[in-house]
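Notes follow once the structure below has been shown.
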Amino acid sequence: MTNNENGTENAPYMHEHTPRLDWHQHAPEVFKAMIRLDAAARAGVDPKIAELVKVRASQLNRCALCLDMHTKDALAAGESVERIIQLSAWEESKHFYTEKEVAALELTEAITVLTDGFVPDEVYEKAAKVFDEKELAQLIAAITVINAWNRFGVSTRQSPGHYTPGDFK
């Protein structure tokens, strides 16, 4: 047992798992291409919206590494703790977000959870009303790219907790 800052006893944390595979070392050209694709997809996307989208997609995909990374990046970029906390229940907390952010979150969920079917017309149309075509294309690209990163992270079981904001910028 260890003592916390209040002097009460806490059970020790569970041990950290080891990644299954350092995929970026074994497929460095794919990793470099993903970095370039990520940068291209982010171009023109509002940075706050980009981080909210990355956190929400990572929550849905249960990618611990990306949650760690993008939560830290969002906080470093000035995002509030409150808005990050509310992301998992954004539909009940819409008053924390702008109309554009809500449209981006709806689109993120529709693109991320394809097992529910196609991206509904009403979700797409709502996003198309608040984003111009170039912004919408970039947003769709950013959502697609974070989903790809999530799949690398969860399939190779990358370990969270070691990222410092700006490490990969």
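Scan region 63-90 for residues that are assigned to a loop (DSSP other than H, G, I, E, B), of a type in the set (A, V, I, L, M, F, W, C) and open to solvent by 10 Å² or more (accessible area, probe 1.4 Å) and report the count. Residues that pass the stated criteria total 1. Cβ separations smaller than 8 Å between residues 6+ apart or across chains give the following pairs from region 91-102 residues that are part of a helix (DSSP H, G or I) to residues that are exposed (fewer than 11 other Cβ atoms within 10 Å of the Cβ) and not hydroxyl-bearing (S, T, Y): F96/E82. A Cβ distance below 6 Å, combined with a sequence gap of six or more or placement on separate chains, defines the contacts here; from region 52-74, residues that are under 19 Å from H162 (Cβ atoms) reach residues that are among the polar types (S, T, N, Q) and open to solvent by 10 Å² or more (accessible area, probe 1.4 Å) in the pairs V55/T71; L65/Q158.
Could you please find all residues in region 4-38 being basic (K, R) and either modelled with pLDDT of 80 or more or in a helix (DSSP H, G or I) (or both)? Matches in region 4-38: K32, R36.
Against the conditions (1) at pLDDT 95 or above; (2) farther than 20 Å from R42 by Cα; (3) surrounded by fewer than 17 Cβ atoms within 10 Å (Cβ to Cβ); (4) among the basic types (K, R), R157 satisfies every one except (1).
Against the conditions (1) in a helix (DSSP H, G or I); (2) charged (D, E, K, R); (3) open to solvent by less than 50 Å² (accessible area, probe 1.4 Å); (4) closer than 27 Å to R36 by Cβ, E106 satisfies every one except (4). Considering region 39-49, and only residues there that are outside any helix (DSSP H, G or I) and in contact (Cβ under 8 Å) with a residue 60 or more places away in the chain, the residue that is nearest to A74 (Cα to Cα) turns out to be V45.
Quick one: in region 109-135, of everything that is of a type in the set (D, E) and assigned to a helix (DSSP H, G or I), which residue is most open to solvent (accessible area, probe 1.4 Å)?
Taking the candidates together, the pick is E133.
Exactly one residue among L60, L52 is open to solvent by less than 50 Å² (accessible area, probe 1.4 Å), in contact with a helix residue (DSSP H, G or I) (Cβ under 7 Å, 6 or more places away or on another chain) and in a helix (DSSP H, G or I), and that residue is L52.
The values are calculated or read from the model by the stated rules, or taken from the named source; none is laboratory data. Computed from a prediction, not measured in an experiment: that's the story for all the values here. Heads up, the Cβs are rebuilt from the backbone with ideal geometry, glycines too, and the neighbour counts pull from every protein chain shown. The protein model used for the area step is the full one, side chains on, heavy atoms only, and it has no ligands, DNA or RNA in it. Shrake-Rupley method; radii C 1.70, N 1.55, O 1.52, S 1.80 Å.
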